[in-house]
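Reviewing the structure listed below.
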Amino acid sequence: MGPGDRVRPSNEAEAAHVGRRVLILGGGGREHALGWRLASSPSVAAIWSAPGNPGLAALGPTIPVDPSDPAAVVAAAEQADIDLVVVGPEAPLVAGVVDALSAAGIAAFGPSAAAAHIEGSKAFAKRIMVEAGAPTGGYEATEDRDAAHEALERFAPPYVVKADGLAAGKGVSICLDLREAREAIDAALVHRRFGDAGARVVVEEYLDGPERSVFGVCDGEDVVLLSPAQDYKRAHDRDEGPNTGGMGAFCPVPGFDVDDVDDLRTTVFRPVLRTLAARGTPFRGLLYAGLVLTADGPKLLEFNARFGDPETQVILPRLASDLGELLHASATGSVADVEVAWRDEAAVTVVLASGGYPGGYATGRPITGVDEAGVAAGLDVFHAGTAIEDGRLVTAGGRVLNVTALGRDVAAARDRAYDAAERIHFEGMQRRSDIAAIR
Ligand code: GLY
């Protein structure tokens, strides 16, 4: 037998004992963190990734298939005799990869395309929130330019105009006056700045207050909440500059840890799961609730249908229990049956990005210092946008590396993460210097 071969266990109990073979879809820092934590899960025997990255390649074989091609993913999973596919980004979900895997009898962590619509359409997400009776702001959705302009009259400034579909994080406009708001509507509906993603707009009430993200691992009916993390979305210090995918994160958030958010299970997650199930589209996978802590209490801003990036890179280092069991239970059983435990330490991750990100940036820049940065216990460098060229590690994306540290508290973890980040170099590297500066 070769290194990838095995004798297939005859039943589920035996599979859990022998250890499952897990295929991770995606190739960013979130997927490297998922692979890294799954690799240390007692229930997991082997990690594969598609397309993966140099960090994931150190954990197991990488498969050069498009993670958003359902037929190619099913074929790859069958060929590698995979027991569980874990979907990282939203694109494969929306493309129906989980539906195709389920039809082929392969367990997959993530929602069906119909349930993932909760991230793919902001109007659909709002409708579900309202049907579920979950707290959120008012909204109107329309494809008609004049109706959208009229809708603005029923809201107060600042006006929020969103492209309905996935617009690479660029579809949201916060407008100080009516002129700006009308321009934002016209950019989407008339000038089609976001293509089909902007064929419908959502005009919604502005929610004032700090933003928080709460992740729930769902099995269609019930939910296990993960320790919330704080993300930093702006490119530069003091929350200045353009929005990015996230430039750093820390966990836990003082005063907002798992026990503090427990009531969200009954006010948000379970009602939303019931609503989706009643529509025939039960949600299994990771439901990411974006909340605003308003003066009237937490209100839902948005949902995502997958783990956050880079929040995952600080949540998973604190998870003391078996991630593989939890994700498998979400895909095939009941999450309430899985024991979930957290370490006391805090975690901080600092994103090292290519100069110019989130705008244009160069790639192919040699990276040094990664091995030196990640040598101590509780220090890990997750690969986000890297590649191997001519045997050298080089930059290959906007967010390049996530330097992640555990410490006795957030301040100690922060010091360790920044000390480690100092050892890593590539031309044009940019990073924020105020991640987790909460002391
Ligand atoms: N860090 C924000 C997100 O994953 O959407």
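Here are a few things to note about the model shown:
- Checklist (1) at pLDDT 95 or above; (2) surrounded by fewer than 22 Cβ atoms within 10 Å (Cβ to Cβ); (3) of a type outside the set (D, E); (4) on the phi < 0 side of the Ramachandran plot applied to G280, failing item: (4)
- V160 meets each of the listed conditions (1) touching a residue at least 40 places away in the same chain (Cβ under 8 Å); (2) buried (at least 17 other Cβ atoms within 10 Å of the Cβ); (3) out of contact with any Cys (no Cβ under 9 Å at 6 or more places or on another chain) apart from (3).
- When A249 is tested against (1) over 16 Å from A346 (Cα atoms); (2) of a type outside the set (F, W, Y); (3) touching a residue at least 12 places away in the same chain (Cβ under 8 Å); (4) not in a loop (DSSP other than H, G, I, E, B), exactly one condition is not met: (1).
- Close contacts from the range 165-179, counting a first residue that is exposed (fewer than 14 other Cβ atoms within 10 Å of the Cβ) and a second that is part of a helix (DSSP H, G or I), with Cβ to Cβ under 9 Å and a gap of 6+ residues or different chains, come to A168/A197.
- Meets criteria (at pLDDT 95 or above, surrounded by fewer than 18 Cβ atoms within 10 Å (Cβ to Cβ) and part of a helix (DSSP H, G or I)) for E221: no
- In the condition set (1) away from the ligand (no atom under 15 Å from the Cβ); (2) crowded, with 17+ Cβ neighbours inside 10 Å; (3) modelled with pLDDT of 95 or more, F256 is compliant with all but (3).
- Entry remark, the range 97-122: residues being over 28 Å from Y139 (Cβ atoms) and aliphatic (A, V, I, L, M) number 8 in total.
- Enumeration of residues in the range 320-339 that are of a type outside the set (S, T, Y) and surrounded by fewer than 19 Cβ atoms within 10 Å (Cβ to Cβ): A320, G333, A336, D337, E339
- Restricting the search to helices (runs of 4 or more DSSP H) fully inside the range 270-354 and requiring at least 1 residues that are without any contact (Cβ under 8 Å) to a residue 24 or more places away in the chain and away from the ligand (no atom under 16 Å from the Cβ) gives 270-278.
- Those residues of the range 27-44 which are more than 16 Å from the ligand (Cβ to nearest atom) and buried (at least 18 other Cβ atoms within 10 Å of the Cβ), in sequence order: G35, W36, R37, L38, A39, S41, S43, V44
- Selected residue (only one of V7, V22 is at pLDDT below 95 and either in a loop (DSSP other than H, G, I, E, B) or more than 16 Å from the ligand (Cβ to nearest atom) (or both)): V7
- For the range 239-249, the criterion of being farther than 23 Å from E339 by Cβ, away from the ligand (no atom under 16 Å from the Cβ) and either at pLDDT 95 or above or surrounded by fewer than 18 Cβ atoms within 10 Å (Cβ to Cβ) (or both) is met by at least one residue.
- For the range 83-106, a residue qualifies if it is surrounded by fewer than 24 Cβ atoms within 10 Å (Cβ to Cβ), of a type in the set (A, V, I, L, M, F, W, C) and outside any helix (DSSP H, G or I), and the qualifying residues are A95, A104, I106.
- Search result, residues across the range 375-399 that are of a type in the set (G, A, S) and either crowded, with 22+ Cβ neighbours inside 10 Å or within 23 Å of the chain's Cα centre (by Cα) (or both): G378, A384, G385, A387, A396, G397, G398
- Every listed requirement among (1) surrounded by 17 or more Cβ atoms within 10 Å (Cβ to Cβ); (2) within 16 Å of the ligand (Cβ to nearest atom); (3) within 23 Å of L166 (Cα to Cα) is met by S227 save one, (3).
- Candidate set from the range 186-211 (those that are surrounded by fewer than 20 Cβ atoms within 10 Å (Cβ to Cβ) and within 16 Å of the ligand (Cβ to nearest atom)); member that is nearest to K170 (Cα to Cα): E211
- For the range 276-284, the criterion of being in contact with a strand residue (DSSP E or B) (Cβ under 6 Å, 6 or more places away or on another chain) and under 30 Å from G398 (Cβ atoms) is satisfied by at least one residue.
- Within the range 107-132, being among the acidic types (D, E) and surrounded by fewer than 20 Cβ atoms within 10 Å (Cβ to Cβ) holds for one residue alone: E131.
- Members of the range 136-171 that are in a loop (DSSP other than H, G, I, E, B) and within 16 Å of the ligand (Cβ to nearest atom): G165, L166, A167, A168, G169, K170, G171
The values are calculated or read from the model by the stated rules, or taken from the named source; none is laboratory data. Note that the coordinates shown come from a computational prediction; the quantities given were computed from them, not determined experimentally. A quick note on method: Cβ atoms are made from the backbone with ideal geometry, for glycine too, and the neighbour counts reach across all protein chains shown.
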